[in-house]
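Down below is the structure, laid out as structure tokens.
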Amino acid sequence: MSGQTAVETAVTADAKGSLPRVLALDAARGIAVLGMFAVHVGPQDGMAGASWLTVFQGRSAALFAVLAGVSLALMSGGDRPYSGIAARRTRVRIAARALLIAVLGMALALVPSGIGIMIILTYYGLYFLLALPLLRLSARTLALLAAAWAVAGPILSFVLRSHMDQNTFGGSPTFDMLTTWAGLREFAEMLILTGGYPALTWMPFVLAGLALGRFGIRHIRPAAVLGSGLALAVLGYGGSWFVQHALGGRQHLIDLLAPVFAESGTDFEPGQFLDASGLGVTPTTSWWWLTVANPHSGTPFEVFGATGVALLVIGALLLLTPRLELLLRPLIAAGSCALSLYILQVLAVGILVPLPDAESDAMPTGIHAPGWGLLAILALGSLLLATLWRSVFRRGPAEWLLHRVTMGVTDRLVPDRG
């Protein structure tokens, strides 16, 4: 979704001989695109047949972030990081890409709709900038840093937020935050601590992908990626289950929530709240919150688990794409146009799902409501549109424009003397 197709990064990293391997990254990104649609416009909880779609919650966004890290690695030399002028050009190009994507994210946040889509692009811009000083690190160092950050980041976030006057969370940065000092503070807090995808808890996904790219997509064995993914998924989700059930963490949180729900008079049960997807971070009323692994909870267990799922998807497609490239072509096409499809999704949802009626506060029905119909339109339409587009053009429209602008900036600031 960063605008960098796998084919482009393959050429950048001189990986022309491993095209099927790199196309696997686009196929994985295509799965993330479909998962994003399922989360945003698929049937909501309680509707018939909707339960299995929850598998995409949090994990699609995490897969995007891991793949963004892989793309950063490929842009900066793959398993042989660039040095000298090539490295300087890469840093300028990534910085320019980060700023443009961040501005695009704030622009998309202005699109109103009846579905609260948290725009991730502005957060992506910060991830890319934070990754710039780390591009020279080895794969092993990046992997260790990702693991350490996955533990320390959520803990630091919990401590800092527990001392904040307002402990709200979720949402996306907007332009109006940049007009006042108080808004600028809220803007920074949202990007780093309290937003839907705060850098303090999301950078491990990017670092894990950067480490994978540094190990070498051309050479790494799919079995190694699958094994690492399985281990992390078991550590994350299995570890959370053990602490929550065997050690009593879940019951402690239920006891903590029960008086609050009783006083509110709602029919919503504490257990339902514990099982629901989060909005980026957990509450700070108890340290036990750091033991859950819910989507978008931003805990160490969720970060490890979601990273593991991302590696499982990437490993499986590294294995399957050379054998099933023709069958996977629509997914590959969608993945190579991920940024364009992301923009299209936000605009389409803004048109197809209007805001609730001001008087009745009733949500729209039929094709204008989240459900299978709207999901089918976006998913099948995107696969078809991307396949047709990629049969003619090398890049998606947004990807092409982003490439042209960032390369123009790079050529002007750091001319290629080679």
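Reported value for segment 192-257: 107 Å³ per residue, from the convex hull of its C-alpha atoms. Here the sum of -39500 (n - 2.57) over DSSP H runs of 4 or more residues, divided by the residues of the chain, equals -20000 deg cm²/dmol at 222 nm, to the nearest 500. Shape of segment 83-142 from its Cα gyration tensor (a ≥ b ≥ c, root eigenvalues): rounded if a/c is under 1.5, otherwise prolate when a/b > b/c, or oblate? It is oblate, given that a/c is not under 1.5 and a/b is not larger than b/c. Largest GNM mean-square fluctuation across Ser162, Ser297, Ser340, computed for the chain with C-alpha springs under 10 Å, falls on Ser162. Electrostatic bookkeeping for Leu324 treats Lys and Arg as +1 and Asp and Glu as -1; over the other residues with beta carbon under 14 Å from its beta carbon, the sum is +1. If you take the beta carbon distance between Asp411 and Asp275 as r and set R0 to 45 Å, what does 1/(1 + (r/R0)^6) give as a FRET efficiency, to the nearest 0.05? Once the sixth-power term is evaluated, E becomes 0.30.
So what are the ³J(HN,Hα) numbers for segment 79-86, from phi and the Karplus equation (6.51, -1.76, 1.60; θ = phi - 60°), rounded to whole Hz, Gly and Pro as x? Working through the residues one at a time gives 7, 10, x, 5, 9, x, 5, 4 Hz. Other residues lying with their Cβ under 11 Å from the Cβ of Met36 contribute a combined charge of +2, Lys and Arg counting +1, Asp and Glu -1. For the chain, the ratio of Cα radius of gyration to the globular rule of thumb 2.2 N^0.38 Å stands at 0.96. Rounded to the nearest 10 degrees, the inclination of helix 59-75 to the longest alpha-carbon principal axis of the chain is 20 degrees. How would segment 278-329 be classified by its alpha-carbon gyration tensor: rounded, prolate or oblate, with rounded meaning a/c under 1.5 and the a/b versus b/c comparison settling the rest? The shape class here is prolate. Axis of helix 222-233 versus longest Cα principal axis of the chain: the two differ by about 20°, to the nearest ten degrees. Relative to the longest principal axis of the Cα atoms of the chain, helix 338-352 runs at roughly 40 degrees. Packing here is the average count of other Cβ atoms within 10 Å per residue, and on that basis the peptides 53-59, 255-261, 191-197, highest first, run 191-197, 53-59, 255-261.
Rounded if a/c is under 1.5, else prolate if a/b beats b/c, else oblate: with a ≥ b ≥ c from the C-alpha gyration tensor eigenvalues square-rooted, which is segment 55-105? Oblate, because a/c is 1.5 or more while a/b does not exceed b/c. Comparing Phe242, Phe37, Phe268 in a Gaussian network model of the chain (Cα springs below 10 Å), the most mobile by mean-square fluctuation is Phe268. Note that segment 90-233 presents 42 Å² accessible area per residue, ligands and nucleic acids not counted, probe 1.4 Å. Surface composition of the chain: carbon and sulfur atoms hold 67% of the protein heavy-atom accessible area at a 1.4 Å probe. Please give me the summed charge of the neighbours of Leu384: other residues whose Cβ is under 15 Å from its Cβ, Lys and Arg +1, Asp and Glu -1. Overall, the nearby charge balance is +2.
The values are calculated or read from the model by the stated rules, or taken from the named source; none is laboratory data. Here the structure is a predicted model, which is why all the values come from computation and not from measurement. Positions of Cβ are generated from backbone atoms using ideal geometry, with glycine treated the same way; all protein chains shown enter the neighbour counts. The protein model used for the area step is the full one, side chains on, heavy atoms only, and it has no ligands, DNA or RNA in it. Shrake-Rupley method; radii C 1.70, N 1.55, O 1.52, S 1.80 Å.
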